[in-house]
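Report on the following structure.
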Amino acid sequence: MEQQAIQQPQIPSLPEFSLVRVSQIVQMIPISEATWWRWVREGKVKKGIKLGANVTVWKLADVRDFIEKLAEEPEQQETKRKRGRPPRDPFGRKP
């Protein structure tokens, strides 16, 4: 079976020391703002820097590192062994 090519996210050409808001991040990664905030809560993404009561930003370098890690994730998941019960034999044979 032929594998489909995964489209790489468009990362803006900003200086590494730039700060980006969640609205900019979701333009780089095809996710919703709610997903980004959930990943922050779960610790999958580094916490942002609070600039005010309603303004949180992230270092662009950290976001780029996360995107690279995210791009490698499917390859790692394919090599991981699935846990749980082994698949059932369609013919009812026992191992």
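The table below gives the values:
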read-out: Segment 19-79 - Kirkwood radius from inverse mean 1/r over Cα pairs (Å); value: 12.2 Å
read-out: Fully extended contour minus Cα-Cα distance, from Ser18 to Ile31, at 0.36 nm per residue; value: 2.6 nm
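A short reminder: the numbers here are calculations on the coordinates, not readings from a lab. None of the values given here were measured: they were computed from a predicted structure.
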